[in-house]
Each structure stands twice: as structure tokens, then as C-alpha cells.
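First the structure, in the form of C-alpha cells, and then the observations on it.
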Amino acid sequence: LNFPTHAVSPPKRAVNGHSNHTNHTADRLQIVNDEKQFTSDLSDQISSWGLRDVGFDYNLVAVFGSQSTGKSTLLNRLFGTNFDVMDESKRQQTTKGIWMCRGHDMNVLVMDVEGTDGRERGEDQDFERKSALFSLASSEVLIVNLWEHQVGLYQGANMGLLKTVFEVNLGLFGKKSQESSNQRTLLLFVIRDHIGATPLANLQATLTADLHRIWDTLSKPAELQDRKLTDYFDLSFTALPHKILASDRFESDVRTLRGRFTDKSRDDFVFKPAYHKRIPADGVAFYMEGIWEQVQTNKDLDLPTQQELLAQFRCDEISTNALVEFNDQSKSQKRPIEAGKVIDGLGEMMRSWRSQALSRYDREASRYHQGVYKRKRADLVGTLDSTLSPLFLGQLKNLHKAALVSFKSATVAGLKVEGYNFADVVGKARASAEARFSDGAQEAVVTEGDASWQWEEELRLLREEIQSIADQLRKDETKKMVNAIERNFKKQIAEPVDLQLSRPTPEIWDNVLRTYTDTLADSEYSYLSKARSFDCTDEENDQAVATLRQRAWAALRAKIDEQTVDTAILTKLRSYFEERFRYDEQGVPRVWKPDDDIDGAFKKAKDVTLELISLYAKIVPQDPELAYTPPEDGEDDTPGLVVFSETKALELGARFRREADAHYIEAKRSTVVGIAQ
Ligand code: GDP
Ligand code: MG
């Protein structure tokens with residue numbers, strides 16, 4: 001044969017996992033030892049055979065038969081394995097146990113079951129039964145190895161083995177065979193040391209008859225009474241010549257037989273899909289260990305339950321693995337987000353981490369029990385989303401903050417530009433801040449339409465905050481504008497009012513109030529025309545106009561007060577009096593002559609001047625229309641129409657009289673002086 005002859009490596013049961021063999025097909029592993037313990041190294045061994053990730057793309061074959069019937073020899077020839085072969089010179093008994101190898105250059109796991117003929121040696125049949133269970137639960141093909149001379153020996157040990165196989169199979173697959181398609185097994189009978197005197201066809205007929213007889217004699221549960229052997233098994237037969245006596249033919253026939261395990265195109269290719277037990281390669285170790293444990297503790301072997309347990313275990317493992325990279329990825333953005341940073345393209349990243357993790361999970365886990373796979377997938381989605389959700393919410397929070405900052409700085413900049421339109425500035429800043437938030441929030445959504453990724457409420461809050469900032473800004477700006485208008489108002493009334501107050505006529509207050517109302521109308525117009533860009537409410541406008549009026553009035557009153565302080569009013573009285581007493585109608589200074597009516601002139605001038613005190617004392621226009629222009633008296637702190645009090649008027653009168661008297665005496669004296677000259 002073509003197989004390289006490997007040095008047989010020592011049994012690996014104590015060695016954990018990997019070996020130094022570069023050719024991993026040379027490794028073999030005792031998966032169940034003679035103390036019926038299951039190895040903990042199978043999973044690693046399957047990995048180092050390179051089969052871990054092949055999914056269903058592998059096959060499993062086991063052998064059954066009496067001891068020393070050349071089973072291991074056959075397996076090594078067929079699959080290039082290196083199972084122990086009994087040393088011909090010593091004829092030593094090999095130990096009990098189950099061994100596994102990987103077929104050379106093929107995705108085939110081969111199990112060699114040793115020591116299965118306890119009945120011949122009067123031992124208990126415990127191991128035989130257990131290994132049969134174990135093999136059937138996992139193998140697609142069971143090679144039944146027997147000598148030609150054992151054929152027809154119905155009472156022989158091999159028939160006892162087959163009875164065991166059948167019984168075990170009924171227990172395993174009996175009830176479920178209808179529901180599940182992948183619980184058929186091929187029994188491949190290999191008749192050894194075929195001399196050729198009896199043709200294979202005859203041997204096959206004898207064996208088939210024997211098998212049916214065995215099947216019929218099985219005590220089957222009532223509900224399975226009608227089941228036939230062929231409901232569960234396909235049968236196939238082949239014969240091999242004597243290995244030593246016809247060694248050339250033996251080798252060539254073995255080679256032909258090998259083709260049935262390797263050449264998928266052959267009609268008699270043995271690994272038909274119907275035989276596959278549908279255990280993904282990465283779950284084989286866990287599954288087998290579970291089966292063996294059940295077998296060991298003599299529990300009923302319920303394969304669907306085993307497969308579900310396997311699925312749970314593996315889906316959890318796969319899920320955990322799928323999360324490792326995902327957790328690293330999501331962690332990388334956790335800090336920046338907590339620090340308040342808006343991460344560009346966060347949504348795209350999150351969606352990609354999530355779908356990568358899910359596809360890592362799906363790739364392996366989807367091969368397992370569908371119910372379990374889906375349930376665990378939903379759990380995984382939950383874990384993924386609950387990891388991403390804080391990032392999403394943090395991003396929203398940061399976007400919200402950034403939008404507010406950009407709104408503020410855009411409005412501040414806009415309001416610095418000469419001739420700005422408040423509504424425009426705020427409107428543009430608001431639109432761009434909201435768009436910035438909405439775009440960012442939309443981008444960060446992981447699953448469209450899912451309740452966990454809503455951002456409308458956050459947008460609503462942002463809008464509220466922007467609105468309140470805008471309101472505050474508007475108030476501030478309105479206030480500034482009202483102040484400016486007030487300053488302007490003061491400037492505008494200063495000169496005319498000064499002038500008007502210095503000319504006491506009966507219309508003095510009409511003049512002053514007209515100046516006031518005209519200037520106020522200008523101011524109000526100016527306010528309203530600017531306020532249009534502020535989007536102020538009517539109420540706010542009314543309020544601002546009222547303020548403006550009040551301040552304008554106060555400004556006017558301040559002006560009036562300034563012009564009517566004692567000294568100012570006395571100056572006004574004095575010059576009014578002098579104009580009338582010391583100057584004649586033509587404005588020429590009088591030189592009093594003794595005949596002049598000094599007394600009469602003095603009295604007249606003094607009386608008209610004294611009348612001015614009551615003119616200045618209260619704002620009383622002649623035109624009744626103008627009486628309505630000042631604000632109503634007594635409102636708030638609004639100064640009213642009274643400029644100075646009665647007492648004040650009396651006091652001013654007294655002071656003026658003293659001054660006037662002095663002028664009178666001076667005038668009198670001047671005539672005396674004139675006479676004296
Ligand atoms: P196992 O116990 O069934 O695994 O048998 P082994 O493969 O260890 O072989 C037991 C003995 O039978 C060894 O000495 C082999 O050389 C010999 N042997 C192997 N194949 C054949 C065969 O086809 N015919 C005969 N007569 N002996 C064989
Ligand atoms: Mg052997």
C-alpha cells in the first residue's frame with residue numbers, strides 16, 4: 001500500500017492535546033480508556049487534526065467485531081491510520097478501549113473499538129454494549145468485521161454482537177426514526193479470509209437471513225413491533241482474501257474497498273448524506289463525551305436531548321467567542337464618548353461590529369439545533385445591543401451638547417454683524433444646530449425602527465433648550481435696543497425742551513409735550529421697525545413699548561426737573577422780570593426819571609413774573625388733546641404732572657420777591673442819584 005509507515009506513537013491519554021508531529025494524521029488518541037474514562041483531549045486533538053472548522057464536512061466510521069479478527073489491520077490499510085495491531089509473534093491481548101485517528105488525507109474520523117468479545121472469554125458484556133451505543137450514536141458507517149468461517153454460525157459471538165447492535169439501535173433511534181432522516185446507519189460487513197469456495201452472494205444471503213432472524217427475535221417495544229431491520233439499516237457486504245496466504249490479492253482488494261470511502265463519484269460510496277449524524281465537527285468532542293457519560297451512567301440515551309445540550313453548550317461557547325472582538329471594539333469608543341466626544345461614523349462602526357459578531361456566531365452556531373441556535377442568537381443580540389446602547393445614548397448626549405454650543409456661537413457671531421436680522425440669525429443657527437443633531441443621531445442608529453434606537457425625544461429636548469436660549473437672547477437684544485432708543489430719545493429732546501422751558505408762554509407745556517410726543521412716536525416707530533426681525537410676541541412688543549414710554553416720560557421729567565431746580569427757576573424768573581422792569585418795550589435799558597411810574601412798572605413786572613411760578617409748577621397744556629399724552633399719575637414710580645409743590649412755589653415766590661425788591665430799591669435810588677447830579 002501507499003501509506004507512509006509511521007512510527008507508532010505512544011498512547012496519548014495522559015498527554016494533553018497537541019503533539020510535535022508535523023503530520024497530524026499520524027496522531028491517535030485513546031478516547032475511552034480501559035477504565036472507561038473519556039479523554040479530555042479530544043477537542044484539542046480534533047483541532048490539531050485540522051478538522052475543527054469543517055462543520056459537517058467530515059465523516060465518522062467505526063469498526064465492530066470479535067477480537068483479533070484483523071480489524072485494526074484493516075482500518076490502517078483503508079485509512080492510513082496507525083492503530084495498534086497485535087504482534088503476531090507474541091499474540092498479546094490488546095487493552096480494552098476506544099481509539100480514534102484521522103484518516104490520511106481525508107476528513108474522516110476513524111474509531112477502533114478494542115476488546116469487544118467479552119462473551120467469548122466469559123467476561124461481562126458491559127463494555128461491548130456501551131461501545132456499540134457510543135459508535136451508533138455518532139458513526140455513519142459501522143464496519144462489521146468477521147471471519148468467513150463465522151458466517152452461518154448463528155450462535156457465534158459475532159451474532160451476539162449484532163444482536164447487541166440492533167437492540168441498542170432500537171433504544172437510540174427506535175421512536176425517532178420517522179421524524180428524523182439522519183438516523184440511518186450503514187452496516188458494512190467485511191468477510192475476512194474469504195477462501196472463495198463459497199461465493200460472496202451466498203455468504204451475503206446467509207448473513208442477511210441471520211440478521212433478519214436476529215431482528216425478529218428481538219424483544220421490541222409494542223409501538224415498534226412492525227419496524228423492520230431496513231427501517232434503520234442499510235446493509236452492504238464485501239469479502240477479503242487471506243492476508244498472508246493471498247497477500248497480493250488481499251492488498252489489491254483492500255485498495256478497491258478503500259475507494260468506496262474516498263471516491264464520492266462511485267455508486268457504492270459509503271458516506272451517504274443520509275447517514276450523517278449532523279454533529280458539527282467543533283461539537284463532536286463535547287457531544288461524544290456527553291454520550292459516553294450517559295452510556296456510563298446507564299441513563300436512557302435520548303439523542304435529541306443530547307443534541308440540544310450540545311447545541312446549548314456550543315452556542316454559548318461560540319457566542320462568548322463572538323463577543324471577544326466585539327467587546328474590544330466597543331470598548332475602544334467608550335472612553336471618548338464618556339469624555340463628551342462626538343464620534344464620527346459611530347453608527348457605521350457599531351453596525352459593523354454588531355454584524356461581524358453575529359456572522360461569527362452564525363457561521364458556527366447555525367449548524368446546531370435550530371431552536372437553541374435561534375434562542376441563543378436572540379440572547380447574543382440582546383447582549384450586543386445592551387453594550388451598544390450606552391454608546392448610542394452617550395453619542396446623543398454629546399451631539400446635543402455640541403448642537404447647543406454651535407447654536408450659541410453661531411448666534412453670537414451673527415449678532416455681531418452690523419445690521420443683523422435677529423430672526424434670520426437665530427433661524428439659521430437653529431436650523432444648522434438641529435440638522436447637525438438629527439444627522440448625527442440618525443447615523444448612530446443601529447437598528448432602524450427599533451425602540452432602543454429612538455432619538456426623537458432628545459431632539460425635542462434640544463429644541464426646547466434652543467428655544468429658551470433664543471428667548472433669552474431676544475430679551476437681551478430687545479433690552480439693548482430699548483436702551484439705545486432711550487438714549488437717543490434723551491439726546492433728541494434735550495435741546496428743544498431746554499429752549500422751550502426757557503421761554504415761558506402759556507403754550508410752554510403744549511410745546512414741551514409736543515416735542516415729547518413727536519420724539520416718542522419716532523422712538524416707538526424705530527423700535528417696532530427693528531423689533532420685526534426679533535419675532536417678538538405682541539405681548540412682548542406691548543411690554544417693550546410701554547417700557548419705552550415710561551422711560552421717555554421719566555427722561556422728559558428729568559429734563560424738566562433739571563431745568564426747574566431752584567437756581568434755574570430763579571434765573572428764569574429773574575431774567576423775565578428784568579426784561580420787563582429794567583428794559584422798555586423796545587428792549588432798551590430804562591433810565592428812571594423822577595416822574596416815571598416806578599411803582600406801577602414794578603408791580604406789573606413783579607405780578608406777571610410771579611404768575612410764571614404757577615405756570616412752571618405743573619404740566620398743564622392748553623390743548624386738551626395733549627392732556628392725554630403724559631402717563632397717568634401715580635402709576636408705579638412714574639413722576640406725575642406736578643413739577644414742584646405749593647410750598648416750593650411759595651418759597652420760590654418769596655425768594656423772587658426779595659430779589660425783585662432789591663431791583664425796585666435800586667431803581668428808586670437811581671432817580672435820587674440822578675437828581676443829586
Ligand atoms: P484486531 O484485534 O481485530 O484489531 O486484530 P489485529 O489487526 O490486531 O490483528 C490480529 C492478528 O491478525 C495480527 O497478528 C494480524 O497480523 C493478523 N491479521 C490481520 N489481518 C489478517 C487477515 O486478513 N487474515 C489473517 N489470517 N490474519 C490477519
Ligand atoms: Mg485491534
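The values are calculated or read from the model by the stated rules, or taken from the named source; none is laboratory data. In this text, all values refer to a predicted model and were calculated from it rather than measured experimentally. Here Cβ is always computed from backbone atoms with ideal geometry, including for glycine, and neighbour counts include all displayed protein chains.
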Exercise. Return a yes/no flag: does the range 625-634 have any residue that is hydrophobic (A, V, I, L, M, F, W, C) and either over 20 Å from R514 (Cβ atoms) or outside any helix (DSSP H, G or I) (or both).
Key: no
Quiz item: List the pairs whose first member sits in the range 476-501 and is small (G, A, S), whose second member is crowded, with 17+ Cβ neighbours inside 10 Å, and whose Cβ atoms are under 9 Å apart, counting only residues at least 6 apart or on separate chains?
Solution: A494/K559
Quiz item: What are the residues in the range 56-75 that are charged (D, E, K, R) and near ligand 1 (Cβ under 7 Å from one of its atoms), if any?
Solution: K71
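Within the bounds of the range 310-327, is there any residue that is in contact with a His (Cβ under 6 Å, 6 or more places away or on another chain) and surrounded by 13 or more Cβ atoms within 10 Å (Cβ to Cβ)?
yes
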Self-check item: Which numbered condition T256 misses (of (1) closer than 21 Å to E140 by Cβ; (2) polar (S, T, N, Q); (3) surrounded by 15 or more Cβ atoms within 10 Å (Cβ to Cβ))
Solution: (3)
Practice problem: Might you let me know whether the range 263-285 holds any residue that is assigned to a helix (DSSP H, G or I) and farther than 24 Å from R102 by Cα? | Solution: no
Exercise. For the range 630-647, state whether one or more residues are touching a residue at least 40 places away in the same chain (Cβ under 8 Å), in contact with a Pro (Cβ under 7 Å, 6 or more places away or on another chain) and crowded, with 18+ Cβ neighbours inside 10 Å.
Key: no
Exercise. Could you tell me which of the residues G196, G118 is in a loop (DSSP other than H, G, I, E, B), of a type outside the set (D, E, K, R), more than 20 Å from V270 (Cα to Cα) and at pLDDT below 75?
Key: G118
Exercise. Could you check T519 against (1) buried (at least 21 other Cβ atoms within 10 Å of the Cβ); (2) not in a helix (DSSP H, G or I) and say which number it fails?
Key: (2)
Quiz prompt | Filter result for the condition that a residue is within 24 Å of Q307 (Cα to Cα), more than 16 Å from ligand 2 (Cβ to nearest atom) and either assigned to a helix (DSSP H, G or I) or not small (G, A, S) (or both), over L186, L211 | solution = L186
Quiz item: So R367 clears everything in (1) outside any helix (DSSP H, G or I); (2) loosely packed, with under 14 Cβ neighbours inside 10 Å except one condition, right? Which one?
Solution: (2)
Quiz item: Give me the pairs: first residue in the range 242-254 and more than 9 Å from ligand 1 (Cβ to nearest atom), second residue hydrophobic (A, V, I, L, M, F, W, C) and assigned to a loop (DSSP other than H, G, I, E, B), beta-carbon distance under 6 Å, and six or more apart or on different chains, which are they?
Solution: D253/L240
Quiz item: Only one of (1) under 55 Å from the mean Cα position of the chain (by Cα); (2) part of a loop (DSSP other than H, G, I, E, B); (3) modelled with pLDDT under 90 fails for T25. Which number is that?
Solution: (2)
Exercise. Evaluate the following for R260: is it more than 16 Å from ligand 1 (Cβ to nearest atom) and in a helix (DSSP H, G or I)?
Key: yes
Quiz item: Is the range 465-472 home to any residue that is farther than 30 Å from G347 by Cβ and in a helix (DSSP H, G or I)?
Solution: yes
Quiz item: Of the residues that sit in the range 345-364 and are over 9 Å from the mean Cα position of the chain (by Cα) and of a type in the set (G, A, S), which one is surrounded by the most Cβ atoms within 10 Å (Cβ to Cβ)?
Solution: A357
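Looking only at the range 584-610, count how many residues are of a type in the set (D, E) and either within 16 Å of D661 (Cβ to Cβ) or at pLDDT 95 or above (or both).
So the count comes out to 2.
Listed here are the residues, each with its yes/no results for (1) within 16 Å of ligand 1 (Cβ to nearest atom); (2) out of contact with any strand residue (DSSP E or B) (no Cβ under 6 Å at 6 or more places or on another chain); (3) assigned to a strand (DSSP E or B); (4) modelled with pLDDT of 90 or more.
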position: H18; (1), (2), (3), (4): no, yes, no, no
position: Q30; (1), (2), (3), (4): yes, no, yes, yes
position: E35; (1), (2), (3), (4): no, yes, no, no
position: L51; (1), (2), (3), (4): no, yes, no, yes
position: R77; (1), (2), (3), (4): yes, yes, no, yes
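Out of curiosity, is K341 under 19 Å from Q395 (Cβ atoms), assigned to a loop (DSSP other than H, G, I, E, B), out of contact with any helix residue (DSSP H, G or I) (no Cβ under 6 Å at 6 or more places or on another chain) and not β-branched (V, I, T)?
Judged against the criteria, K341 is a match.
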Exercise. Considering every residue within the range 260-283, establish whether at least one is modelled with pLDDT of 90 or more, under 21 Å from T39 (Cα atoms) and more than 43 Å from the chain's Cα centre (by Cα).
Key: no
Quiz item: Taking E88 and the conditions (1) out of contact with any Lys or Arg (no Cβ under 7 Å at 6 or more places or on another chain); (2) more than 12 Å from ligand 2 (Cβ to nearest atom); (3) under 29 Å from T297 (Cβ atoms); (4) modelled with pLDDT under 95, which numbered condition does it fall short on, given that it satisfies the others?
Solution: (3)
Quiz item: Any idea which of S47, S68 is without any contact (Cβ under 8 Å) to a residue 40 or more places away in the chain and within 16 Å of ligand 2 (Cβ to nearest atom)?
Solution: S68
Quiz prompt | Matching residues in the range 440-464 - criterion: being outside any helix (DSSP H, G or I) and either more than 15 Å from the chain's Cα centre (by Cα) or of a type outside the set (S, T, Y) (or both) | solution = V445, V446, E448, G449, D450, Q454, W455
Quiz item: Within the group F407, F392, F437, which residue is part of a helix (DSSP H, G or I), among the aromatic types (F, W, Y) and more than 25 Å from the chain's Cα centre (by Cα)?
Solution: F407
Practice problem: Can you run down the residue pairs with Cβ atoms below 9 Å, 6 or more apart or on separate chains, where the first is in the range 200-217 and in contact (Cβ under 8 Å) with a residue 12 or more places away in the chain and the partner is surrounded by fewer than 12 Cβ atoms within 10 Å (Cβ to Cβ) and of a type outside the set (A, V, I, L, M)? | Solution: H212/K228; W215/K228
